[in-house]
1. Is the stretch 155-165 home to any residue that is surrounded by 17 or more Cβ atoms within 10 Å (Cβ to Cβ) and assigned to a loop (DSSP other than H, G, I, E, B)?
2. May I ask you to list the residues in the stretch 374-413 that are in contact (Cβ under 8 Å) with a residue 60 or more places away in the chain, open to solvent by less than 70 Å² (accessible area, probe 1.4 Å) and of a type in the set (Lys, Arg)?
3. Specify which of the listed residues (Leu123, Leu66, Leu74, Leu94) is closer than 15 Å to Val25 by Cβ and in contact (Cβ under 8 Å) with a residue 24 or more places away in the chain.
4. Quickly run through the stretch 263-316 and pick out the residues that are aliphatic (A, V, I, L, M), within 19 Å of Asp347 (Cα to Cα) and not in a helix (DSSP H, G or I).
5. Any residue that is surrounded by fewer than 24 Cβ atoms within 10 Å (Cβ to Cβ), over 28 Å from Ser437 (Cα atoms) and of a type in the set (Lys, Arg) - is there at least one of those in the stretch 70-86?
6. Which of the residues that make up the stretch 303-314 are surrounded by fewer than 19 Cβ atoms within 10 Å (Cβ to Cβ), within 20 Å of the chain's Cα centre (by Cα) and in contact (Cβ under 8 Å) with a residue 40 or more places away in the chain?
7. Residues that are in contact (Cβ under 8 Å) with a residue 60 or more places away in the chain, of a type in the set (S, T, N, Q) and open to solvent by 50 Å² or more (accessible area, probe 1.4 Å): does the stretch 171-183 have at least one?
8. Considering each of Arg213, Arg237 in turn, give the residue that is of a type in the set (Lys, Arg), over 24 Å from Gly331 (Cβ atoms), within 24 Å of the chain's Cα centre (by Cα) and open to solvent by 20 Å² or more (accessible area, probe 1.4 Å).
Amino acid sequence: MAATIKFGTSGWRAIIAEDFTFANVRLATEATARHVLGLSPSPTLLVGYDTRFASENFARQVANVLSAAGIRALLSNRPVPTPAVSFSVRHRKLDGAINITASHNPGEYNGLKFSASNGAPALPEVTESIERGIVALQKSDWKFRGTPVEDRIETIDIRDEYLRDLATKVNFEAIRKSNIRIGYDPLHGVGSGYLDYLLQEQGLTPTVLHAGRDVYFGGSHPEPDEENLGELRQAVRDNKLTLGLGTDGDADRFGILDSDGSYISPNEILALLLDYLVASRGWKGAVARTVATTHLIDRVGELHGLEVIETPVGFKYIGEYIEQGRIFFGGEESAGLAIQGHLPEKDGILACLLVAEMVAERGKSLRSLLKSLFDRTGEVYNQRLNIRLKPSVRKVMDAKIASDVSDFYGKKVERTDRTDGMKLIFGDGSWVLARPSGTEPVVRYYAEASSRQELEHLIECGKRWTTEA
């Protein structure tokens with residue numbers, strides 16, 4: 001039976017040797033090649049890859065298929081961050097990129113992500129077109145029988161061009177003058193040799209953990225959340241560091257620890273950075289957040305007279321607004337950040353460096369900065385649950401998400417937001433959201449409230465709601 005190859009919120013991901021095979025990668029690449037050739041007669045695509053098992057081999061197969069199809073392939077000579085891929089597509093004026101990465105997923109996964117000529121993640125109409133092409137190829141029993149054309153494959157290094165540009169987006173002088181001490185954990189991902197290298201180039205000496213390649217990611221998975229940054233937390237405390245910075249497997253997401261080792265959530269970091277960037281850069285206009293992202297962004301927007309735009313989950317929607325010049329700042333709760341003048345793609349390396357700049361310039365711990373922000377906006381607390389679903393439960397859960405709800409365990413629903421999944425907004429400003437993941441067999445449940453007690457109540461309600469499926 002042919003594998004179902006579907007592009008979720010950030011590309012196609014599957015378990016290696018089950019559905020993510022050389023044959024299926026070649027199939028997806030051929031469909032992508034045909035799509036690109038429909039837009040340009042002589043296109044050039046960048047081919048990148050991460051540090052996962054055999055990623056460089058999958059990337060080479062991508063380059064082979066592209067070259068046989070008549071497309072020039074620029075093949076990275078090393079694992080590369082997703083934001084670096086995006087930058088080089090734009091910098092070199094390419095027709096797009098195929099990146100072999102499963103981002104923050106566990107080590108048994110790999111993935112294929114297509115970025116458009118603007119460096120942004122491909123929009124749904126593009127990925128749906130590629131999916132239809134894959135189905136058509138499967139029906140014709142297509143197999144790769146072409147001959148790779150070596151003259152169309154060029155090995156390149158994109159690190160320096162990306163880092164040179166990144167250095168112009170951050171006030172490194174302020175970081176140096178502050179004498180803050182930084183720890184960094186790339187979690188065995190592609191951030192190693194990029195964020196730490198740039199800090200060293202700027203005269204800073206970070207404490208670095210897990211810089212080497214490990215396709216098992218230390219037995220965990222490369223997501224810089226509170227649980228996975230435990231060793232960085234200990235390093236921050238033992239070495240009396242000012243900040244702990246982390247990036248995920250493809251370095252488009254960030255994770256931040258304060259000077260006491262406490263984890264500051266991406267929602268809180270986004271709100272702090274928005275407030276800081278408006279003050280330090282003088283930026284005005286509109287900002288965007290996904291439907292699952294904190295409404296603390298809205299409160300900061302009210303403070304500064306900013307329009308706040310809500311998008312579905314998936315950074316491609318924010319990337320499109322950045323590309324259009326519609327917004328100067330975009331964020332999603334799963335640790336994604338983009339700013340004007342940079343990329344229509346999330347960049348965890350930039351986010352980490354901006355946090356370092358903010359702490360250096362304001363001379364306070366992140367907890368102190370958050371307290372000062374709450375003094376102006378009121379307190380906001382949020383949490384996300386990832387509930388893994390059995391196939392037998394998935395259809396039931398989908399039906400529940402599509403149903404109308406007027407009362408949620410005693411809380412009257414004031415408004416239902418269907419931007420993505422089911423978001424129930426209550427009269428006191430608290431809310432919950434349930435939506436199926438676009439990359440994993442889980443349902444994501446989010447809750448936000450103005451007190452920790454109310455947040456705990458909404459989390460318990462969510463656990464009941466999902467187990468009653």
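The values are calculated or read from the model by the stated rules, or taken from the named source; none is laboratory data. Because the structure is predicted, anything quoted here is derived from the model rather than measured. Here the Cβ is made from the backbone with ideal geometry for all residues, glycine too, and neighbour counts use every protein chain on show. Each accessible area value is taken on the protein alone, full model and side chains, heavy atoms only, with ligands, DNA and RNA left out. Shrake-Rupley method; radii C 1.70, N 1.55, O 1.52, S 1.80 Å.
1. Yes - at least one qualifying residue is present in the stretch 155-165.
2. The answer is Arg384, Lys400.
3. Values: Leu123 fails: closer than 15 Å to Val25 by Cβ; Leu74 fails: closer than 15 Å to Val25 by Cβ; Leu94 fails: closer than 15 Å to Val25 by Cβ.
The unique qualifying residue is Leu66.
4. Scanning the stretch 263-316 gives Ile264, Val287, Ala288, Ala292, Val313.
5. Among the residues of the stretch 70-86, at least one is surrounded by fewer than 24 Cβ atoms within 10 Å (Cβ to Cβ), over 28 Å from Ser437 (Cα atoms) and of a type in the set (Lys, Arg), which makes the answer yes.
6. Within the stretch 303-314, Glu310, Pro312 qualify.
7. The answer is yes, given that some residue of the stretch 171-183 is in contact (Cβ under 8 Å) with a residue 60 or more places away in the chain, of a type in the set (S, T, N, Q) and open to solvent by 50 Å² or more (accessible area, probe 1.4 Å).
8. Details: Arg237 fails: within 24 Å of the chain's Cα centre (by Cα).
After applying the criteria, what remains is Arg213.
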